[in-house]
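J.: Sharing a structure below in structure tokens format, with a few things to ask.
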Amino acid sequence: MRKDGRLPEQARPVVIQTNFVRTAAGSCLIATGNTRVICTASVEEGVPPFLKGKGQGWVTAEYAMLPASTGQRKKRDGIKKDGRSVEIQRLIGRSLRQAIDLTKLGERTITLDCDVLEADGGTRTASITGAMVALTLAVDKLMQEGMLLQSPLTHQVAAISVGVVDDTPCCDLCYAEDSQAQVDMNLVMNEKGEFIELQGTGEGRAFTAAELTNLLHYGQMGIEQLMAAQRQALGDAARHICPKPVLVAATGNAHKLRELQHIFGEYYNVVSMYAAGFNAAIDENATTFAGNAAIKAEAVCEATGLPTIADDSGLTVEALDDEPGVYSARYALMNGEGEGDKDNNNLLLRRMKGKTRRQCAFRCAIALAIPGQETRIAEGSCPGVLLEEERGNGGFGYDPLFLYEPLNKTFAEINEEEKNAVSHRARACERMLSIMKELNA
């Protein structure tokens, strides 16, 4: 047992209080045992001179121990910081730059300030762990303000100290242990268990390979606990860490967007073309669903530079030679009989009046456009029967008239989960997912 009652492999309790400084873009107070550090993130437009015009951002850090942070008053840093503070703030900056794709940050600078309120060992490692939380909250704010379309956070980062005290490998040293440690080591790691920085010194004696193995094992366990605490403190903002790749949906239809998000959401962060900054009109002048889907996907992909998915879908009725087909959304408008779902349905019912052959199908083509690559197409269909009157209050378009016989319900009567399991769009998306998996294999 150690002086504070912990086992050798046990880290100190950690508490992270987010949004501790309301004026900062992101902030937290992190307490590891009796060590307490305020970490803030400030965002400024622009980058240092050496990065101007390179299309990337910058993350840097400053570190200071406040006067009452130790038992004996520490003098404030003047214009010239003491060597230890400079070393530590460089470590913090290096570590957190490993968490972010600077090219996705844009030409802006995030400064991480770590101010030690109380020092009881491990101030640099607590600063790194807390700065990761502050950085994530700053990114969350940028995302909410529409300054960033996708999160630039590619890794989660945390740090902890380990060492040999009284010939025993130990995790997370307090000051009493650190001051007499035979071996002192700081570990900075990412969520994959990879090392970002490893600083180790035999201060009292050399250390063995077996001791090093124990120290690394204890450190990794401690960092895993710290990362769990980071995510718990961040709550919903933790989704910005190692985010899913962005996939733009080339649609202005809220119903379609929700379906695409439901289907592809496990693998991608699906955003609307408006969120991606595309607001131009697209001339869908092809005569096939696949042709129109490709036109939309390619137009948005070219404008945004992002992978884009687009669908074109509609209803085909056998007795009407597959009308309304590619004109499903503007069926009534093209025939001078109004516009919108209600007018489309009324026109279709009039043209089908008295007809006994009422087989129909919803058809969908999905196009995937990736910058610099050939557009991929996947298609799907769902057969049904066209009713003589509407049933159900859900769905949109022709859903109230489309009877899905296996369930004996219209698409307007089934819930979203049921529809997404059998719809024409779901079947086309399933084929598209297979194509995507092959591309990423």
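J.: For residue 34, which sequence-distant residues (separation of 5 or more, or a different chain) have an amide H within less than 5 Å of its own amide H, given hydrogens modelled in the peptide plane?
T.: Under 5 Å from the amide H of residue 34: no residue qualifies.
J.: Which part of segment 292-318 falls in the paramagnetic zone of residue 351, meaning amide N under 13 Å from the point 7 Å along Cα-to-beta-carbon?
T.: Of the residues in segment 292-318, 315-318 have backbone N under 13 Å from the label point off residue 351.
J.: Related question: With the full set of protein chains in place, find how many percent of the accessible area of the chain is carbon and sulfur; take the probe as 1.4 Å.
T.: Here carbon and sulfur together make up 48 percent of the probe-accessible area.
J.: Right, another one. Counting only C-alpha contacts under 8 Å and six or more residues apart, can you give the relative contact order of the chain as a whole percent?
T.: 10 percent
J.: Go ahead and estimate [θ] at 222 nm for the chain from helices alone: -39,500 (n - 2.57) per DSSP H run with n ≥ 4, summed, over the residue count, rounded to 500.
T.: The per-residue figure over the chain is -9500 deg cm²/dmol.
J.: Next question, about the same structure. Cα gyration tensor of segment 1-128, axes a ≥ b ≥ c as square roots of the eigenvalues: rounded (a/c below 1.5), prolate (a/b > b/c) or oblate?
T.: prolate
J.: How many nm is it between the label spots at residue 435 and residue 34, if each spot is 7 Å from the Cα in line with the beta carbon?
T.: 6.4 nm
J.: Output ³J(HN,Hα) for segment 145-160: one whole-Hz value per residue in order, computed from phi by the Karplus curve 6.51 cos²θ - 1.76 cosθ + 1.60 with θ = phi - 60°, and x for Gly and Pro.
T.: Going residue by residue, I get 7, x, 6, 10, 7, 10, 6, x, 7, 9, 8, 9, 10, 8, 9, 8 Hz, with x marking Gly and Pro.
J.: Starting from the amide H of residue 276, placed 1.01 Å from N in the peptide plane, find each other amide H under 5 Å away whose residue is 5 or more places distant or on another chain.
T.: Sorted by chain and number, the residues that satisfy this come to none at all.
J.: Can I ask one more? How much accessible area per residue does the chain have, in Å², with a 1.4 Å probe?
T.: 47 Å²
J.: Which parts of segment 141-162 would a label at residue 194 reach, counting a residue when its backbone N lies under 14 Å from a point 7 Å out along Cα-to-Cβ?
T.: 154-158
J.: Please list, in order, the residues from segment 1-29 whose amide nitrogen is less than 12 Å from a point placed 7 Å along the Cα→Cβ vector of residue 217.
T.: Residues 9 qualify, since their backbone N sits under 12 Å from the label point.
J.: Within the chain, what's the longest stretch lacking trypsin sites (Lys or Arg not before Pro) that sit in DSSP loops with no more than 13 other Cβ atoms inside 10 Å?
T.: Longest gap between qualifying sites, sites excluded: 206-352.
J.: When the chain is fully extended, how far beyond the present Cα-Cα distance does residue 179 get from residue 76, taking 0.36 nm per residue of separation?
T.: Result for the pair: 34.8 nm of gain on full extension.
J.: Another one. Sort 274, 398 by accessible area with a 1.4 Å probe, largest first.
T.: 274, 398
J.: Which far-off residues, 5 or more places away or on another chain, put their amide H under 5 Å from the one on residue 246, with H placed in the peptide plane?
T.: 269
J.: Under a Cβ-Cβ cut-off of 12 Å, what is the net charge of the residues other than residue 217 that fall near it, where Lys and Arg count +1 and Asp and Glu count -1?
T.: Value of the local net charge: -3.
J.: Sort segment 251-321 into rounded, prolate or oblate with this rule: let a ≥ b ≥ c be the square roots of the eigenvalues of the Cα gyration tensor; rounded if a/c is under 1.5, and if a/c is not under 1.5, prolate when a/b is larger than b/c, oblate otherwise.
T.: In terms of gyration-tensor shape, oblate.
J.: Same structure, new question: Under the classification rounded if a/c is under 1.5, otherwise prolate if a/b is larger than b/c and oblate if not, where does segment 273-432 fall, given a ≥ b ≥ c as square roots of the Cα gyration tensor eigenvalues?
T.: Since a/c reaches 1.5 and a/b is larger than b/c, the shape of segment 273-432 is classed as prolate.
J.: What figure in square angstrom, to the nearest 10, would you give for the accessible area of residue 295 with a 1.4 Å probe?
T.: Only protein atoms counted, so the area is about 50 Å².
J.: Now, a different point. Got a sec? What order do 4, 312 fall in by accessible area at 1.4 Å, biggest, i.e. largest, first?
T.: The most accessible residue leads, giving 4, 312.
J.: Over the Cα atoms, compute the radius of gyration (one decimal) and Dmax (the largest Cα-Cα distance, rounded to a whole number) for segment 50-120, in Å.
T.: Reported Rg and Dmax, both Å: 14.8, 47.
J.: Continuing with the same structure: Quick one: how many Å² of residue 226 are accessible to a 1.4 Å probe, rounded to 10?
T.: Answer for residue 226: close to 20 Å² accessible.
J.: For the chain, count the residues as N, evaluate 2.2 N^0.38 Å, and divide the Cα radius of gyration by that value, please.
T.: Computed over Cα atoms of the chain, the ratio equals 1.32.
J.: Test of understanding: what is the full-extension gain from residue 391 to residue 370, defined as 0.36 nm times their sequence separation minus their Cα-Cα distance?
T.: Full-extension gain reported as 3.6 nm.
J.: Distance in nm between label sites at residue 145 and residue 275, each 7 Å beyond Cα in the beta-carbon direction?
T.: About 1.9 nm, to one decimal.
The values are calculated or read from the model by the stated rules, or taken from the named source; none is laboratory data. Bear in mind that the values here come from a model prediction, so they are computed numbers and not experimental data. All Cβ positions, glycine included, derive from the backbone under ideal geometry; neighbour counts span all protein chains shown. Accessible surface areas use protein heavy atoms only, side chains included; no ligands, DNA or RNA. Shrake-Rupley method; radii C 1.70, N 1.55, O 1.52, S 1.80 Å.
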